[in-house]
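Novice: Sharing a structure, written as structure tokens. Questions coming.
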Amino acid sequence: MIAMIKVKLPTVAFLIILLLSACGDKSSDDIGGLKRRGLTALEEQRFNDALNSFRAALRQQPSDRDLLYYAGLSFRKMDMPDSAVSYFGRARVLFPRDREINRQLLELCPMLDNYNCALQAIATLISTGDNERMYWPQLADLNYLNGEMSLAVRYYRLLLADDNTHIKYYMNLWQALMELGKPLEAVKVLEEALDRFGPSISLLGNLAVNYIRLNNFYKAENYLRQGLEIAPNSVPAWINLAHVLTEFDDRDKKEEALEIYKKYREAAPPMYNLDSIITALEEELSGR
């Protein structure tokens, strides 16, 4: 019996060592160990290593909030916003009111032209405590880009009522109103900007465009000539003036338009198609 015990003891000890070794390896591959390795790699800016650890852990626990968040963050650090949004989006489905997840989506979704995603993030941040006012600029721009012109107009008007020192808000409001097919309201916005900031080729030119749409060619001509006093070398402004002059039943104005077209024929881009316009106008004038 003593001899048999002496033979078996080393075998038992060897098995214990194997079991302990296996337990040690497993502890580094469980969710906690993988997460710790991933966070260390993330801190050390080894983003690909971090991502590998987080994704390995997600295979074991696919609904873990932190793993989804840090996988998204790793992709963001790697300048891969589409993949980052994919993971943050998965996280938001499971944790819809999580503020940090929604903050990440608010920053990333517009990069992918996913404006609904960004607007949803703002709605969540407001519903969880933020004041809507702090998001007015984003709500105005995101709704405009998303094609929600009525909402864009609402927020641009709020911005102007709060602070009318930014010409950008006037111009964006004007564009939104034009998209809604409201040129009269758009004119009022530009005239307010003109009073507030003084004349510029941009404001005067856009006012002229508005009045062309309203078939008020007298005002369109007036604003274009004012603009050319500020920027006499603006080829588009000269061409637009010529277009307006051809709308009058007035030979002198049409002849002036023809002179303008000929003068800027070489400088104008091909899309203006001035050769055809000149030919048609010459034929019209010669027939009188």
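Novice: Once the Cα atoms of helix 217-230 and of the chain are each reduced to a long axis, what angle between those two axes, in degrees from 0 to 90 to the nearest 10, is obtained?
Specialist: 70 degrees
Novice: Contact order normalised by length for segment 72-200, with contacts defined as Cα pairs under 8 Å and 6 or more residues apart; what percent is it? All intermediate terms of the calculation are to be shown ahead of the outcome.
Specialist: Values: 127 pairs, mean separation 17.0, N = 129.
13 percent.
Novice: When only C-alpha pairs under 8 Å and at least 6 residues apart count, what is the relative contact order of segment 127-241, in percent?
Specialist: Relative contact order of segment 127-241: 15 percent.
Novice: Compare the peptides 97-109, 37-49, 184-196 by average per-residue count of other Cβ atoms within 10 angstrom and give them in order, highest first.
Specialist: The packing order, highest mean first, is 97-109, 184-196, 37-49.
Novice: Taking segment 31-112 as the region of interest, what is the percent of Cα-Cα pairs per 10 angstrom bin, listed from the shortest bin to the one with the maximum distance?
Specialist: 21, 53, 25, 1
Novice: Give the order of Ser83, Ser127, Ser74 when sorted by the count of other beta carbons within 10 angstrom, beginning with the fewest.
Specialist: Ser127, Ser83, Ser74
Novice: Additional query: How tilted is helix 81-94 with respect to the longest principal axis of the chain? Cα atoms for both, answer in degrees (0 to 90, nearest 10).
Specialist: 70 degrees
Novice: List Ser150, Ser234 from most exposed to least, where exposure is judged by having the fewest other Cβ atoms within 10 Å.
Specialist: In increasing order of surrounding Cβ atoms, one gets Ser150, Ser234.
Novice: Further question on the same structure: How large is the dipole of the chain about the Cα centre if only Lys and Arg carry +1 and Asp and Glu carry -1, each at its Cβ, rounded to the nearest 20 debye?
Specialist: The dipole of the chain has a size of about 1860 debye.
Novice: Helix-only mean residue ellipticity at 222 nm, the chain, DSSP H runs n ≥ 4 weighted -39,500 (n - 2.57), per residue, nearest 500. What is it?
Specialist: -24500 deg cm²/dmol
Novice: Compute the Cα gyration tensor for the chain, then decide on rounded, prolate or oblate, letting a ≥ b ≥ c be the square roots of its eigenvalues: rounded whenever a/c is under 1.5, prolate when a/b is larger than b/c in the other cases, and oblate in all that remain.
Specialist: Note, shape of the chain comes out prolate.
Novice: Seen from all sides and averaged, what is the projected area of the convex hull of the Cα atoms in segment 131-196, in nm²?
Specialist: Numbers: hull surface 15.9 nm².
About 4.0 nm², averaged over all directions.
Novice: Here's something else I'd like to know. Subtract the Cα-Cα distance of Ile230 and Glu282 from 0.36 nm times their separation in residues, and report this length gain in nm to one decimal.
Specialist: The span from Ile230 to Glu282 would gain 15.7 nm if fully extended.
Novice: From the residues Leu285, Gly227, Ile101, which one has its Cα farthest along the dipole of the chain in the positive direction, the dipole being from +1 and -1 charges on Cβ of Lys/Arg and Asp/Glu about the Cα centre?
Specialist: Ile101
Novice: Sequence gap at least 6, Cα distance under 8 Å: using those rules, report the relative contact order of the chain to the nearest whole percent.
Specialist: Working: 296 pairs, mean separation 18.2, N = 288.
The normalised contact order for the chain reaches 6 percent.
Novice: Provide the net charge surrounding Ala121, with neighbours chosen by a C-beta distance below 15 Å and charges set as Lys +1, Arg +1, Asp -1, Glu -1.
Specialist: -1
Novice: Okay, moving on. For the chain, what number of Lys pairs, 8 or more residues apart or on separate chains, have alpha-carbon atoms under 19 Å from each other?
Specialist: 12
Novice: Please report, largest first and rounded to whole Å, the three semi-axes of the ellipsoid equivalent to segment 199-288, where each semi-axis is the square root of five times an eigenvalue of the C-alpha gyration tensor.
Specialist: Gyration-tensor ellipsoid for segment 199-288: 21, 16, 10 Å.
Novice: Under a plain spin-label model, where a point goes 7 Å from the Cα along Cα-to-Cβ, how far apart in nm are Asp82 and Glu100?
Specialist: 2.8 nm
Novice: Continuing with the same structure: Using only Cα atoms, tell me the angle between helix 274-286 and the longest principal axis of the chain; keep it within 0 to 90° and round to the nearest 10.
Specialist: Roughly 20 degrees, rounded to the nearest 10.
Novice: Got a sec? How would Val93, Val153, Val209 order by Cβ neighbour count within 10 Å, fewest to most? Show your work: numbers first, answer last.
Specialist: Numbers: Val93 10, Val153 23, Val209 19.
Ascending Cβ contact count within 10 Å gives the list Val93, Val209, Val153.
We did not get these values from a lab; they are worked out from the coordinates using the rules stated. As the structure is a computational prediction, the values presented were derived from the model and not from experiment. Here the Cβ is made from the backbone with ideal geometry for all residues, glycine too, and neighbour counts use every protein chain on show.
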